[in-house]
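Have a look at the structure below, then the notes.
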Amino acid sequence: MRFNNKSRIYVAGHKGMVGSAVIRLLKKKGYCKIFYKTRKQLDLQNQKKVYNYIMKIKPQYVIICAGKVGGIKANSLYKANFIYENLMIQNNLINSSYKAGVKNLIFLGSSCIYPKFARQPIAENELLNGKLEKTNDAYAIAKIAGIKLCESYNVQYNLNYKCLMPCNIFGPNDNYDTDTSHFFPAIIKKIHLAKIKKNKQIFFWGTGKSKRELIYVDDVAEACIFFLRKKIKDTIINIGSGIDFTIKDYIKFISKKLDVNAKIKFNKIKELDGTPRKILDSSLARKSGWKPKHDFDSAFATTYNCFKKNAKPK
């Protein structure tokens, strides 16, 4: 079965940041048989409804971007929700895809699957080699279960289900909710509000010393489509930019871009730093022929312009 612009492709989670980027890119490339449903139209936690829908549309390819995601605060407060909802969503989608005869599937994970003190840069074989970061261990365990499910189906049924593990993603259509956002959109929102309100101080969690790698969402979307049509033996593939900075560095960068000179203050609670450093070894992806295309400056400009246009922060 050749992957072409008439291939039947189902994208789960098309309203999210990555899912919407995948849809945009597929349409831009001329794919015309793309399937997706809103949460109201299809509850992905409902096994019967998911099975019936996938059996009805009979996709040839599936990209799973759906899942419950959030930052440190949300992951710490709602552990049960994060593990239960993600397990239900991915189990329903992966198993129903197999039963519908889908041979090629992309399952999107996260770099938080790796141990808190993994060797840096983090290679795929670091999985399960140490303890997870406590603030997001429930989410990580759900994603690890999804990886093992894909891996097991590949072995038992000779399928081509691949699990992409991106570093922290940013871009248009991100989540800027104060309670559930990741660190980068949270920084953008705080500095933007400080600019509007002319605040003299901005407060942030942790110490600002932890380091994070960022990748633009369109690069992740490209990776999803690239590896969907790629046949390789590896189930897990890291997707990263190869560049990381401290939280303080990102705050300085955005402050300069927005021309904000407010004093930056941290609450210095180390537990809120999360993993000290997370940079991925993406050499496997690059050897396979994928690499990021977008530079950070222009990607940030697009992201911030989208935020100003669409978000309504309070």
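Only one residue in Ile269, Ile251, Ile264 is aliphatic (A, V, I, L, M) and closer than 18 Å to Ile215 by Cα. Which one? Of the residues listed, the single one that is aliphatic (A, V, I, L, M) and closer than 18 Å to Ile215 by Cα is Ile251. Of the residues making up region 137-166, those that are outside any strand (DSSP E or B), over 23 Å from Tyr78 (Cβ atoms) and touching a residue at least 12 places away in the same chain (Cβ under 8 Å) are Cys150, Glu151, Tyr153, Asn154, Tyr157, Leu159. For Tyr153, the criteria (1) of a type outside the set (Asp, Glu); (2) at pLDDT 95 or above; (3) touching a Ser or Thr at 6+ places or on another chain (Cβ under 6 Å) hold in every case but one, which is (3).
For region 240-270, the set of residues classified as among the hydroxyl-bearing types (Ser, Thr, Tyr) and in contact with a strand residue (DSSP E or B) (Cβ under 7 Å, 6 or more places away or on another chain) consists of Ser241, Thr246, listed by residue number.
Looking only at residues in region 197-216 that are hydrophobic (A, V, I, L, M, F, W, C) and touching a Cys at 6+ places or on another chain (Cβ under 9 Å), which one is surrounded by the fewest Cβ atoms within 10 Å (Cβ to Cβ)?
Among them, the one singled out is Leu214.
Just one residue in the set Asp281, Asp249, Asp219 is acidic (Asp, Glu), in contact (Cβ under 8 Å) with a residue 40 or more places away in the chain and farther than 13 Å from Asn168 by Cβ; that residue is Asp281. Put simply, of Val50, Val69 the only residue that is at negative phi and either assigned to a helix (DSSP H, G or I) or modelled with pLDDT of 95 or more (or both) is Val50. When residues in region 228-286 are screened for being of a type in the set (Ser, Thr, Tyr) and touching a Gly at 6+ places or on another chain (Cβ under 6 Å), 1 of them pass. Taking the criterion of being closer than 25 Å to Gly109 by Cβ, assigned to a loop (DSSP other than H, G, I, E, B) and either in contact with an Asp or Glu (Cβ under 7 Å, 6 or more places away or on another chain) or modelled with pLDDT under 95 (or both), the residues of region 259-289 that qualify are Gly274, Thr275, Pro276, Ile279. Taken together, the residues in region 55-100 that are touching a Phe, Trp or Tyr at 6+ places or on another chain (Cβ under 9 Å) and among the aromatic types (Phe, Trp, Tyr) amount to 3.
Quick one: which residue in Lys211, Lys231 is under 21 Å from Ser255 (Cβ atoms) and over 16 Å from the mean Cα position of the chain (by Cα)? Don't jump to the end; show me each part of the working.
Values: Lys231 fails: under 21 Å from Ser255 (Cβ atoms).
Result: Lys211 is the single residue among Lys211, Lys231 that is under 21 Å from Ser255 (Cβ atoms) and over 16 Å from the mean Cα position of the chain (by Cα).
If the condition is being small (Gly, Ala, Ser) and at pLDDT below 95, then region 170-185 contributes only Ser181.
Among the residues of region 142-175, how many are more than 15 Å from the chain's Cα centre (by Cα) and either among the basic types (Lys, Arg) or under 28 Å from Ser298 (Cα atoms) (or both)? Explain how you work it out, then say what you get.
At the first step, the residues of region 142-175 found to be more than 15 Å from the chain's Cα centre (by Cα) are 145, 148-161.
Among the residues that remain, those that are also either among the basic types (Lys, Arg) or under 28 Å from Ser298 (Cα atoms) (or both) are: 148.
Number satisfying all stated conditions: 1.
Given the structure, is Lys209 part of a loop (DSSP other than H, G, I, E, B), on the phi < 0 side of the Ramachandran plot and at pLDDT 95 or above? Judged against the criteria, Lys209 is a match.
The values are calculated or read from the model by the stated rules, or taken from the named source; none is laboratory data. Fair warning: this is a prediction, and the values are worked out from it, not measured in the lab. Neighbour counts run over all protein chains shown; Cβ positions are idealised from the backbone, glycine included.
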